[in-house]
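As structure tokens, the structure follows; a few thoughts come after it.
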Amino acid sequence: MLKPVRNGATVLVADDNEGIRELLSAILSEEGYQVVTVKDGEQALNKLRRRQFDLALLDVMMPRRSGFAVCRAVKMAPETCLIPVILVTGLRSHEDKIHGIESGADDFLNKPVNKEELLARVRSLVRIKHFTDELESAETVLLSLALSIEAKDPYTQGHCERLAQHSVALAERLKLPEEQKVALRRGGVVHDIGKVAVPEYILLKPGPLTPEERKIMEQHTVIGERICAPLRSFRDVLPIIRYHHERMDGTGYPDGLQGEQIPLAVRILTTVDVYDALTTDRPYRKALSQADAFAEIRKEVQQGWWDGSLVDELEIMLRDSEASRTEGRKP
Ligand SMILES: [Fe+2]
């Protein structure tokens with residue numbers, strides 16, 4: 001029989017019935033889990049918010065917040081949403097199951113709880129949690145690395161974050177599928193991660209680069225793709241990293257792709273990237289106003305570099321959000 005992946009995984013048991021709390025706690029402790037017990041929904045939520053748990057076993061009918069309500073709150077908060085939740089219920093109706101699923105529960109156990117069934121479900125969910133944790137920490141390393149590269153250059157402060165935000169908003173307007181939006185959020189942050197391999201004297205050079213220096217700089221697209229390639233959850237981000245310096249007329253790098261050979265998500269990020277670069281201060285010039293920036297980008301659209309329809313869409317989006325901000329300020 002499979003043993004828990006991680007000895008000492010921490011499980012929260014929430015039940016108002018003392019007998020059941022003690023029974024569940026005894027079964028799980030015997031199996032090597034660290035168990036924390038609470039007797040109502042409010043305490044359960046407080047504990048889950050304050051420390052790291054690998055699983056929560058929640059009674060459905062509890063005072064001061066039902067298991068459903070706790071489950072919903074846990075699943076809606078980014079800090080706790082990856083904690084697997086098992087709802088323990090004396091209710092057997094179909095509606096309760098549906099309600100539980102809608103609250104985001106990962107599994108159910110019926111009372112009276114069967115020992116073998118309890119352990120099998122806990123083991124399997126703790127194992128999945130363990131894998132998600134590993135994946136999460138790999139992602140976190142990449143995202144922090146990307147932000148630390150950005151921090152080297154005072155002129156690009158906040159660029160990645162704005163890029164991620166605006167690209168996702170533009171993708172939303174264009175009704176791109178959810179996975180493309182996730183890829184753009186990550187791509188906004190990590191697209192320049194390959195700059196880790198570019199020497200600082202090139203990265204921070206205020207004047208124009210020599211042809212040799214340019215060649216080294218251009219490598220950041222390919223190196224970035226290589227850094228992120230082993231992470232399966234970054235599969236959709238790889239084209240964004242590799243192609244974010246391609247141009248519609250094929251004069252970009254590294255592959256000289258043309259027009260729709262450049263995926264839509266990449267063109268979205270590139271459009272936002274160009275706009276953001278023009279509207280922030282650089283060592284060689286001051287930030288342009290929004291209107292001047294769009295005039296400049298349109299010249300480059302004429303030249304064949306960028307996707308004109310996306311430039312239009314970005315301008316409308318920024319104008320709309322500006323209008324709704326002004327609207328909000330009116331008394
Ligand atoms: Fe770049």
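The values are calculated or read from the model by the stated rules, or taken from the named source; none is laboratory data. No experiment lies behind these values; they were computed from the predicted model shown. We place every Cβ from the backbone using ideal geometry, glycine too, and count neighbours over all the protein chains shown. Heads up: the accessible areas ignore ligands, DNA and RNA and are worked out on the full protein's heavy atoms, side chains in. Shrake-Rupley method; radii C 1.70, N 1.55, O 1.52, S 1.80 Å.
Taking the 1.4 Å solvent-accessible surface of the range 288-331 as the whole, the part contributed by carbon and sulfur is 52%. Loop-located trypsin sites (Lys or Arg not before Pro) in the range 84-124 (DSSP state not H, G, I, E or B) with no more than 12 neighbouring Cβ atoms inside 10 Å: ARG92.
Projecting the Cα atoms of LEU257, PRO199, ILE241 onto the charge dipole of the range 119-267 (Cβ charges, centred on the Cα centre) puts ILE241 farthest toward the positive pole.
Based on the Cβ-Cβ distance from ARG64 to LYS175, what FRET efficiency comes out when R0 is 45 Å, to the nearest 0.05? With a Förster radius of 45 Å, E is 0.60.
Bins of 10 Å, beginning at zero and ending with the bin holding the largest distance: percent of Cα pairs per bin for the chain, please. Histogram of Cα-Cα distances, whole percents per bin: 5, 21, 24, 17, 16, 12, 5, 0.
Using just the alpha carbons, could you tell me how many Å³ per residue the convex hull of the range 41-166 encloses? List each step's numbers first, then the result.
On the way: hull volume 16.2 nm³, N = 126.
Taking the convex hull of the Cα positions in the range 41-166, it is 129 Å³ per residue.
Choose one answer from LEU278, LEU238, LEU269: the residue with the largest mean-square fluctuation in a GNM of the chain with alpha-carbon springs under 10 Å. Comparing LEU278, LEU238, LEU269 in a Gaussian network model of the chain, the most mobile one is LEU278.
Straightening the chain between ARG51 and LEU135 buys 28.3 nm, computed as 0.36 nm per residue apart minus the Cα-Cα spacing. Spatial offset of the range 170-217 relative to the range 259-279 amounts to 11 Å, using the alpha carbon center of each. When you filter the trypsin sites (Lys or Arg not before Pro) in the range 266-331 for DSSP loop state and at most 10 other Cβ atoms inside 10 Å of their Cβ, you are left with LYS286. The share of C-alpha pairs in the range 72-127 whose separation exceeds 16 Å stands at 47 percent.
For the chain, the solvent-accessible area works out to 52 Å² per residue, with a probe of 1.4 Å and every protein chain left in place. Check every DSSP H run in the chain and write down those whose alpha carbon atoms cover 15 angstrom or more along the long axis and whose mean Kyte-Doolittle hydropathy is 0.5 or greater. Span-like helices, by this rule, are 264-278. Loop-located trypsin sites (Lys or Arg not before Pro) in the range 138-226 (DSSP state other than H, G, I, E, B) with a sparse environment of at most 10 neighbouring Cβ atoms within 10 Å: LYS175. For the range 153-267, the fraction of C-alpha pairs more than 23 angstrom apart is 30%. Taking all C-alpha pairs of the range 232-307, those more than 20 Å from each other amount to 36 percent.
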